[in-house]
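Undergrad: Take a look at the following structure, please.
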Amino acid sequence: MSSGVLDLATGMLLSRFGPLVDFPDEVANTIANFCYRWILLTSEPALPRIVVRSNEVKATELVDEYRVELACKIDNLSKELMELREIRSSIGERAFSAACELFVDRHKYGISDPDRKSCVRRKVERLLKRTGEIPELLSVMKVASRY
């Protein structure tokens, strides 16, 4: 992990989403991974030869398509985080936790329509999917930047 890329990803995370201390670690780490992928894709021209997309590795010719897809996801993350905060304040912690689980299913594990599936089915799908995420990336960002 390049410290320059890590610093840029941390800056993006803080400027776009804030410190995310009000979210579960898994949600915050998923967002940190989106920021890290974006910085890798946009700041290091030699790196985007292969991109991790959902649970598959895609070849170079799909880098531009992936860049557009990732930009849309990152834009939507801000809206989803606001909705999660609204759920917490208006409905309560239990609903917030359930909504965070759906967020992780959708964005980390790439489970389609998780709100239409039972909790057991989603847990099984989680076990069968590879995420492509860097575990504990948010912790590394915090240590590296002292945020």
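Undergrad: Read phi for every residue in the stretch 26-39 and hand back ³J(HN,Hα) as whole Hz from Karplus 6.51 cos²θ - 1.76 cosθ + 1.60, θ = phi - 60°, with x for Gly and Pro.
TA: My calculation for the stretch 26-39 gives 5, 5, 4, 5, 5, 5, 4, 5, 4, 5, 4, 4, 4, 5 Hz in order.
Undergrad: For a footprinting-style exposure proxy, rank VAL68, VAL5 by other Cβ within 10 Å, fewest first.
TA: VAL68, VAL5
Undergrad: In whole Hz, with x marking every Gly and Pro, tabulate ³J(HN,Hα) for the stretch 5-17 from phi via Karplus 6.51 cos²θ - 1.76 cosθ + 1.60, θ = phi - 60°.
TA: 5, 4, 5, 5, 5, 5, x, 5, 4, 5, 6, 8, 10
Undergrad: Between SER112 and SER89, what's the calculated FRET efficiency when r is the beta-carbon distance and R0 is 30 Å? Round to 0.05. Kindly include the intermediate steps, with their values, before the conclusion.
TA: On the way: r = 29 Å, r/R0 = 0.95.
E(calc), rounded to 0.05, equals 0.55.
Undergrad: Step through the residues of the stretch 75-87 one at a time and calculate ³J(HN,Hα) from phi using the Karplus curve (6.51 cos²θ - 1.76 cosθ + 1.60, θ = phi - 60°), rounding each to whole Hz and writing x for Gly and Pro.
TA: 4, 6, 4, 4, 5, 5, 5, 4, 5, 4, 5, 5, 4
Undergrad: Further, regarding this structure: So which aspartates and glutamates can LYS129 reach, going by Cα to Cα under 13 Å and dropping same-chain residues fewer than 8 places off?
TA: Answer for LYS129, where 13 Å is the Cα cut-off: GLU56, ASP105, listed by chain and number.
Just so you know, all these numbers are worked out from the coordinates, no wet-lab data involved. Everything numeric here is computed off the predicted structure, so don't read it as measured data. Glycine gets a Cβ as well: all are built from the backbone with ideal geometry, and neighbour counts include every protein chain shown.
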